[in-house]
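Some notes on the structure that comes next.
The values are calculated or read from the model by the stated rules, or taken from the named source; none is laboratory data. Computed from a predicted model, the values in this text were never measured in an experiment. All Cβ positions, even for glycine, are placed from backbone atoms using ideal geometry, and neighbour counts span all protein chains on display.
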Amino acid sequence: MNCRWGCWIGLVVWLVACQIVQGGEVGTQAGHDHLGPQELALSPDGRLLYVACTDAGQVAWVRLPEGDLVRRVAVPGRPTGLAVTPDGSRLAVTCAAPRSTVMVLDAVSGRRLAAIPAGHTAMGPVLGPDGHTLYVCNRFDHDVSVIDLRRAQEVARVAAVREPVDAAVTPDGRAVLVANHLPLMRANVTLLEEVTPVVTLIDTRTHRTTELKLPSGSHSLRAVSVTPDGRYAMVTHLLGNFQETPFRVDMGWINTNVVSIIELAEYRLKATIGLDELDLGAGNPWDVAISPDGQRVCVSLSGTHQMGLIGTSELVSEEARRTMSPMMGVWPIYLSLGASLWRRVDLAGQGPRGIAARAGRAYVAEYFSDTVAVVNLEGGGNGQPQRIRLGPPPTLSAARRGEMLFHDATLCYQHWQSCASCHPDGRTDALNWDLLNDGSGNPKNTRSLVWSHRTPPVMALGVRPSAEAAVRAGLVHILFADRPEEEAAAIDAYLRSLTPVPSPYLVGGRLSRAARRGQRLFLSPRTGCRNCHPPPLYTDLKSHDVGTQGRYGRNARFDTPTLVEVWRTAPYLHDGRYTSVRQLLVEGHHGLSPQRMEELSQQDIDDLVEFVLSL
């Protein structure tokens, strides 16, 4: 009897172990009830689908067309991107961390072949046509790693601009296009000035770069893809009408959702085409994929739980440019919009993100549902998409449900935007907005929501007594929605769960020698910085007159923001007039009287900046 029970127990243990390795519905990372599928890749023969399950720290192997889950492989860090070599032998996985790793796995067995160091929060990997040159976006180092897979090492770093999040290689391998997530410009501009992110073009032979500006008000770039013929690149992003007062949301008055088309021969912006209909937004576009035959363009609409589908020739046509281009500063925004050329495919899952397309099918990762949608492209997206389950339906904690609601544009009137539209990843869109909660004519920079519930009041003038009050006001006055209290409470739980990302200025997770000197200065009477920004919150939770009231400002006193994660939140000051902390201190004399500035050496200022950027 004991032997028999022992054999049964051993068999059960063995089966569970096999299931974890080969892909049953168990084996998620400890502490997670959800997988968070975010990025996809297909094997060259189309027989395997690879799924980066970001929250579980795993990559899943799915056999096609059956949809069978055959393997899960744990990776170090959060898997944020996948790239398969042209011969189908190797799978490169970017594993995000302050010191990221690119894992190279056997694409069939999942066996580890190499682990290559990369930069802060590696993502968006893409292979050159030679099959061994890998380009990886290091989001918070603001650069791109060039990796030789044959030698399993980085061979170069190329500077981007701000938060590169995705990359695409031209078919001839001569250029890499990099999508920079946010603008790096001052935000207090006139009507004739621009605030815009750029797409960086890297010459793969010389590593020289060229920057292409997108339309003013562009922000939250997520993905870039190149057509198989090498003529065009497509970039998904939002387009904010930030120079107008956001007193309404309908017809795209605050944000529109777009794809910008870049003509690669001359590297110029051909058009920016809206994904929206006249009275129905396509909130928060994420990934863009082009079918291998170049005939169709697919875009995941993460906020409305849909996939947008259009013929490539239609998207690049004069008709699309003439009738589907948003016109900022006018109303309605789509002044000449006819019938939209996009077909929207409703998906059953929540939060579609990464897309992979091949052989008449598009596969879409449904982040909050732990599923992959399968859309029939041959039928123009008609018919009910199939679903591949990567595990059991996830159990949603209050914070997870709040995260889902925070990114859900269907909460908004006409579905134009979500909370994440102005606060991507809970942070900032780097734009100024003239919200009506404190009068008009005094636009202010979007603030990060990290620690917002710990540092009341909120907003630049402290017009909301708490983050809880601001969440509820945002639902009503920004999304123009009447939502139940339980949803606002869930969003509160999500925002409380946000934790600061370790600064790229840290060395081995600790302050550098210069930052330690800067810390002593920060805490000393020589600077007085700690008077308004005392640790550990780095705010005194009070308002002060810092001499920066604008011409039309109604109040000279501004809420003291926390300095935690300030390295990520440019531009600086309430109106975004400085692009760097150094400018804020040296040009703006912020918190430092002329006498104090005279007493500080150049080294002192360097050290002080280093410390603040390390928080």
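Quick notes
- Qualifying residue in segment 327-343 (condition: touching a Pro at 6+ places or on another chain (Cβ under 7 Å) and in contact (Cβ under 8 Å) with a residue 60 or more places away in the chain): yes
- Screening 78, 90 for residues that are out of contact with any Phe, Trp or Tyr (no Cβ under 9 Å at 6 or more places or on another chain) and over 19 Å from residue 367 (Cα atoms) leaves exactly one candidate, 90.
- Some residue of segment 454-464 being part of a loop (DSSP other than H, G, I, E, B), free of Cβ contacts under 8 Å to residues at least 60 places away in the same chain and either β-branched (Val, Ile, Thr) or within 22 Å of residue 36 (Cα to Cα) (or both): yes
- Any helices (runs of 4 or more DSSP H) falling wholly within segment 487-606 and containing at least 1 residues that are touching a Phe, Trp or Tyr at 6+ places or on another chain (Cβ under 9 Å): 513-523, 529-532, 581-586
- Members of segment 506-516 that are within 11 Å of residue 610 (Cα to Cα) and either of a type outside the set (Ser, Thr, Tyr) or touching a Cys at 6+ places or on another chain (Cβ under 7 Å) (or both): 506, 511, 513, 514, 515, 516
- Condition check for residue 240: closer than 19 Å to residue 163 by Cα and either touching a Lys or Arg at 6+ places or on another chain (Cβ under 9 Å) or not assigned by TED's automatic domain parsing to the domain that holds residue 478 (or both): yes
- Restricting attention to segment 111-122, the residues being on the phi > 0 side of the Ramachandran plot and free of Cβ contacts under 8 Å to residues at least 60 places away in the same chain number 0.
- Within segment 467-487, the only residue that satisfies the criterion of being among the basic types (Lys, Arg) and crowded, with 17+ Cβ neighbours inside 10 Å is 472.
- Here residue 146 fulfils each of the conditions (1) in a loop (DSSP other than H, G, I, E, B); (2) in contact (Cβ under 8 Å) with a residue 60 or more places away in the chain; (3) over 20 Å from the mean Cα position of the chain (by Cα) apart from (1).
- Here segment 517-545 is the region considered, the condition is being within 13 Å of residue 615 (Cβ to Cβ) and touching a residue at least 60 places away in the same chain (Cβ under 8 Å), and the residue that is surrounded by the most Cβ atoms within 10 Å (Cβ to Cβ) is 518.
- When the strands (runs of 3 or more DSSP E) confined to segment 188-279 are screened for residues that are within 16 Å of residue 178 (Cα to Cα), touching a residue at least 12 places away in the same chain (Cβ under 8 Å) and small (Gly, Ala, Ser), those reaching at least 2 such residues are found at 218-226.
- Some residue of segment 443-466 being more than 18 Å from residue 541 (Cβ to Cβ) and surrounded by fewer than 16 Cβ atoms within 10 Å (Cβ to Cβ): no
- Flag not set for residue 449, criterion: at pLDDT below 95, part of a loop (DSSP other than H, G, I, E, B), assigned by TED's automatic domain parsing to the domain that holds residue 420 and among the hydrophobic types (A, V, I, L, M, F, W, C).
- Looking across segment 165-187, just one residue is in a loop (DSSP other than H, G, I, E, B) and acidic (Asp, Glu), and that is 172.
- For segment 578-602, filtered to residues that are polar (S, T, N, Q) and either in contact (Cβ under 8 Å) with a residue 12 or more places away in the chain or surrounded by 15 or more Cβ atoms within 10 Å (Cβ to Cβ) (or both), the residue that is farthest from residue 520 (Cα to Cα) is 579.
- Odd one out for residue 387 among (1) buried (at least 20 other Cβ atoms within 10 Å of the Cβ); (2) modelled with pLDDT of 95 or more; (3) of a type in the set (Lys, Arg): (1)
- Of the residues making up segment 489-519, those that are over 15 Å from residue 99 (Cβ atoms) and among the β-branched types (Val, Ile, Thr) are 491, 499.
- Yes/no for residue 90 being under 22 Å from the mean Cα position of the chain (by Cα) and of a type in the set (Lys, Arg): no
- Check on residue 377, under 25 Å from residue 453 (Cβ atoms) and outside the structural domain of residue 563 (by TED's automatic domain parsing): no
- Within segment 161-208, tally of residues that are closer than 30 Å to residue 573 by Cα, polar (S, T, N, Q) and out of contact with any strand residue (DSSP E or B) (no Cβ under 9 Å at 6 or more places or on another chain): 1
- Residue match in segment 104-116 (condition: in contact with a Lys or Arg (Cβ under 9 Å, 6 or more places away or on another chain) and of a type in the set (D, E, K, R)): yes
- Exactly one residue out of 238, 280, 264 is farther than 22 Å from residue 378 by Cα, touching a helix residue (DSSP H, G or I) at 6+ places or on another chain (Cβ under 7 Å) and surrounded by fewer than 24 Cβ atoms within 10 Å (Cβ to Cβ): that is 280.
- Boolean, residue 403 is of a type in the set (D, E, K, R), within 23 Å of residue 348 (Cα to Cα) and either in contact with a Gly (Cβ under 8 Å, 6 or more places away or on another chain) or outside any helix (DSSP H, G or I) (or both): no
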